[in-house]
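First comes the structure, then the notes that go with it.
Every number in this text was worked out from the coordinates using simple rules, so none of it is lab data. This structure is a prediction, so every number in the text was calculated from the model and none was measured. With ideal geometry, Cβ positions are generated from the backbone for all residues, glycine too; neighbour counts draw on all protein chains shown.
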Amino acid sequence: MIAHLTDTDLTDSALRTAEGLLGGIGNTRHVRTRLDGYDPADAPAPRWTSAHGLRLYPAAGPGWIAAGDAALAFDPLSASSTPSTPEPAPA
């Protein structure tokens, strides 16, 4: 499995194909060597998804409430979740 973490609007659209992604990896030093001997014909199409932060709306309904990660997600690329990490309760 290869994970390419970036903003989709900053990425070359050629990387959205298996051939393009493997070609881009060919320009790297470390990842390229991990894939020596890999047959690109076996590569599935890359899947892309947004990594932006979001809030579930509505966060509650009849008989349910979303809490924690079910209600709120932070952008993992910008580490915006770090300052909002819950602090331990005072002793």
With the 8 Å Cα cutoff and a minimum separation of six or more residues, region 1-47 has a relative contact order in percent of 41
May I ask you to compute the full-extension gain from residue 47 to residue 2, defined as 0.36 nm times their residue separation minus their alpha-carbon distance, rounded to one decimal in nm?
15.1 nm
Which whole-Hz couplings ³J(HN,Hα) result when phi for each residue of region 7-15 is put into the Karplus expression 6.51 cos²θ - 1.76 cosθ + 1.60, θ = phi - 60°, listed in order with x for Gly and Pro?
7, 4, 6, 9, 9, 4, 4, 4, 6
Spin-label pair residue 28/residue 13, simplified geometry with 7 Å Cα→Cβ offset, distance in nm
2.4
